[in-house]
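This report refers to the structure that appears directly beneath it.
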Amino acid sequence: MDEGLMKTYARADEVFATGNGAVLVDTTGREFLDFLAGIAVSALGHGHAGLAANLRDQVGKVVHLSNLFRHPYTEQVATRLCAHTGMAAAFFTNSGTEAVECALKLARKAMHVRKTPQRTAFVAIEGGFHGRSLGALSLTWNEKYRKPFQPLQDVTWVPPDDEPALERALVQKQPAALVLEPIQGEGGIKPLQHAFLRKARELCTKTGTVLVHDEIQSGCGRTGKFLAAQHAGVVPDVVVLAKPIAAGLPMGACLCSAPFADTFEKGEHGSTFAGGPLVCRAALVFLDEVDRGLLDNVQARGAQLRAGLEQLLRDLPIVREVRGLGLMLGLRLWHSAQDVQKALYQQGLITNCTAGDVLRIVPPFVITKEQVEQGLRILRAVIARFPQQKEAPAVPAGKQ
């Protein structure tokens, strides 16, 4: 296995060949209930008929043009994303990491436009994850990702929800941008407090700092609103999206508010593959489903799932905390979640372990009531088999 591949992934042995909705099927015919959705990507699940039909049609027309030429879908996707987010302009990318890189360049260029080119540093939040390219990696908290590639960008770290520390960092450091996730994904499905998000907006406006929200994992409706920040009533200067935006095809977007829409001049940023007709056609299928009420199901199934997880919290001492919103939920345990995740997988429920002690639960937006009930039954049966005594957290406080 993995012949010819760099050894960067620890992969399961099963080979998945097909799927339907929130169910995946391996090459032996065994079915798995998918509570991971390709790490929060496959919002429309697997085998979505409308997506398949649109992609077949587009492959028969034109797949790639480059950004030197126009196709029918670019402006449609851009304007609809801007309408959902309150932004004014979009730059399409092939991934979330690339969207973060675009945001960092945009913030740096904005400082040049303002005649403050010395503002080159960044402020980020402890526990955050923003990608693995050199710029995005600089903002990623976990040292195991950063250490082999240092030195990186100049970044000042602020503890989550620490308003005085954030104010000190922004005033003293005078960075180009503050970059944060309204809900930290790899950090353990950890929402930042709404008051902190609002204070960050206030402080960025006061200090002239570009406020970048990374909603790669929490955005595009996963929390029940199109952006997680909308729950707090906060509008950033820049928001980056990816994961579900093209229903499984590689696509991201860096969106900015009106004051930043003309920051880049022609040729200052680009991407050969990004925003092509195939991925934009997929994004339109996703956005059509959102406009037809898909987020109603996210809200309903999210409430159902959270209620079930909170019952586990009451019934099973090993469960420490329920985190998250909508269909972006985390079940925090009193010790490592990795063994529990593996046992769930053996019982046909796909989740994963993040931040050491959290089971990440991010199913497709199309998951049904019956499938949520099924998943909760498996979770209860498996978790109940583990020793129920409380233990010290698997990771230090502040890195969860």
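Some points to look at:
- Extension gain, ALA300 to THR8: 0.36 nm times the residue separation minus the Cα-Cα distance gives 101.4 nm.
- Order by protection proxy (mean Cβ within 10 Å, highest first), peptides 309-315, 230-236: 230-236, 309-315
- Rounded FRET efficiency, nearest 0.05, which uses the C-beta distance separating SER336 from LEU313 and R0 of 25 Å: 0.90
- Looking at the chain, the pairs of alpha carbons with a distance over 33 Å make up 31% of the total.
- Of all complete DSSP H helices in the chain, those with a Cα span along the helix axis of 24 Å or greater and a mean Kyte-Doolittle hydropathy of -1.0 or more are 96-113, 295-315.
- Peptides 66-73, 368-375 ranked from most to least packed, by the mean per-residue count of other Cβ atoms within 10 Å: 368-375, 66-73.
- Full extension of the chain between ASP161 and GLU31 gives 42.7 nm of extra length, using 0.36 nm per residue less the Cα-Cα distance.
- Here the chain carries DSSP beta bridges of which approximately 65% are antiparallel, counting only pairs with both residues inside.
- Within segment 52-289, percent of DSSP bridges classed antiparallel, to nearest 5: 40 percent
Rule-based calculations on the coordinates, nothing more; no lab input. No experiment lies behind these values; they were computed from the predicted model shown. Reconstructed Cβ throughout: ideal geometry from the backbone, glycine too, with neighbour counts over all protein chains shown.
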